[in-house]
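To keep things clear, I will list the structure first and then write my remarks on it.
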Amino acid sequence: LHRLPESFPELQNLTCLSVNDISLQALPENIGNLYNLASLELRENLLTYLPESLAQLQRLEELDLGNNELYHLPETIGALFNLKDLWLDGNQLAEIPQEVGNLKNLLCLDVSENKLECLPEEISGLTSLTDLLVSQNLLQVLPDGIGKLRRLSILKVDQNKLIQLTDSIGDCESLTELVLTENQLQSLPKSIGKLKKLNNLNADRNKLTSLPKEIGGCCSLNVFSVRDNRLSRIPSEISQATELHVLDVAGNRLMYLPLSLTTLKLKALWLSDNQSQPLLTFQTDTDPETGEKILTCVLLPQMPSEPDCQDNLPRCGALESLVNEMSDETWNERAVNRVSAIRFLEDEKDEDDNEMRTLLRRATPHPGELKNMKKTVENLRNDMNAAKGLDSNKNEVNNAIDRVTTSV
């Protein structure tokens, strides 16, 4: 059904019209005559433009134009004062008219999967907005006016080109979910610590090199995910987020974790993509550079994942010494330089004693290599047992010959 009949808008008592997924190419020019319309659903059609008369639908509360071919949104969209939900996702929009800021009753705005390079500063006028979805666009920054959206609860800006997050984000006092996945962020603003109601913060697959210590101010934070970034450490202030239960820091460059993590009631702590269990046993250590007390475990420090350079995989020192004469081709002879020391503090005597009581902590081998190491060691042990068996049999034969000789 490519078109609705021109007489269709004479149905003036109509309050709900749903014409989704029927290959509709155009709306009647006088669609505005349906002045009692409260809900208009036009999703998954072939609409390329909207008639000007659409602005006459003063009672319209829900307008769904998702998954069409719209390249332009008319300025008259700002005349739909009673609009509460506006879906424009999956179109070809390169901009949003500033008049959209007139929609004072709008609760949900979805403009994801378009070609937006910026949002108008006038978006600050959407004072009732609770959900703002701008995923999969070309945004490099968010307007400062977003801080005036005091009722905003959900903000999704994933899969854009964000290079920074505006400081005004801290003024979105009602924010509970912030999704920043797959952008170009190198840092988060200190103001993020003002988000006292934030429950879920996801900044996976960015370029974060550090986290602000103010992150601990997010006292309601339950899930915090910064997987696949460039973090070398986590601020100890993270422990101030006492409601934190899930922390995902896999795919970073962490050397250690702050000791303060032990005060949290974590249910899952993800450190690497190959981790078989979410929780590990930790032990205390000291940062050789700062002297700070830290936590470490068998996964830290960990070599970066380099699929094309398998020869950089770390070695397990003691095990390597045991079997370095073996000819297993899956092993690599290159030594790993990333070695740190764990000293035993309960029995400090002189320096020579301490040197003798030092445990070298090396980078963790790949799980696949651990299996090869185990197999090699088991083969070695079996060979040794077999050799012992042969020696035992040989000794018994010799003893028997001795007894026979003595008897004769």
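The values are calculated or read from the model by the stated rules, or taken from the named source; none is laboratory data. Note that the structure is predicted; figures quoted are calculated from it, not measured. Glycine also receives a Cβ, built like all others from the backbone with ideal geometry; neighbour counts cover every protein chain displayed. Just the protein is used for accessible areas: all its heavy atoms, side chains included, with ligands, DNA and RNA removed. Shrake-Rupley method; radii C 1.70, N 1.55, O 1.52, S 1.80 Å.
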For this session: Output the number of the condition that His72 fails; it satisfies all remaining conditions of (1) outside any loop (DSSP other than H, G, I, E, B); (2) over 28 Å from the mean Cα position of the chain (by Cα).
Result: (1)
For this session: Output the residues belonging to the stretch 194-207 that are open to solvent by 10 Å² or more (accessible area, probe 1.4 Å) and closer than 20 Å to Thr130 by Cα.
Result: Lys194, Lys196, Lys197, Asn199, Asn200, Asn202
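Residue by residue, here is whether (1) at pLDDT below 95; (2) more than 18 Å from Asp85 (Cα to Cα); (3) part of a loop (DSSP other than H, G, I, E, B) holds:
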residue	(1), (2), (3)
Pro9	yes, yes, no
Leu14	no, yes, yes
Leu17	no, no, no
Glu29	yes, yes, yes
Leu37	no, no, yes
Leu40	no, no, no
Glu44	no, no, yes
Leu47	no, yes, yes
Problem set entry | Residue within the stretch 294-304 that is under 26 Å from Gly193 (Cα atoms), surrounded by 16 or more Cβ atoms within 10 Å (Cβ to Cβ) and either under 23 Å from the mean Cα position of the chain (by Cα) or modelled with pLDDT of 55 or more (or both) present | yes
Exercise. Quick one: which of Ser187, Ser210, Ser220 is polar (S, T, N, Q) and under 27 Å from Leu107 (Cβ atoms)?
Worked result: Ser220
Problem set entry | Unique residue being open to solvent by 20 Å² or more (accessible area, probe 1.4 Å), in contact with a strand residue (DSSP E or B) (Cβ under 9 Å, 6 or more places away or on another chain) and not charged (D, E, K, R) when the list is Leu133, Leu60 | Leu133
Problem set entry | Residue within the stretch 149-163 that is surrounded by fewer than 18 Cβ atoms within 10 Å (Cβ to Cβ), within 19 Å of the chain's Cα centre (by Cα) and among the acidic types (Asp, Glu) present | no
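This table checks each residue for (1) more than 30 Å from Asn137 (Cβ to Cβ); (2) open to solvent by 50 Å² or more (accessible area, probe 1.4 Å).
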{"residue": "Pro189", "(1), (2)": "no, no"}
{"residue": "Glu214", "(1), (2)": "no, yes"}
{"residue": "Asn222", "(1), (2)": "no, no"}
{"residue": "Arg230", "(1), (2)": "no, yes"}
{"residue": "Ala241", "(1), (2)": "no, no"}
{"residue": "Thr262", "(1), (2)": "yes, yes"}
{"residue": "Leu269", "(1), (2)": "yes, no"}
For this session: Have a look at Ile169, Ile96, Ile123 and point out the one that is over 22 Å from Leu70 (Cβ atoms) and either part of a loop (DSSP other than H, G, I, E, B) or open to solvent by less than 20 Å² (accessible area, probe 1.4 Å) (or both).
Result: Ile169
Exercise. (1) over 25 Å from Gln98 (Cα atoms); (2) open to solvent by 50 Å² or more (accessible area, probe 1.4 Å): which one isn't true of Asn36, the others all being true?
Worked result: (2)
Exercise. From the list Leu129, Leu109, Leu63, which residue is within 27 Å of the chain's Cα centre (by Cα), under 23 Å from Glu41 (Cβ atoms) and part of a strand (DSSP E or B)?
Worked result: Leu109
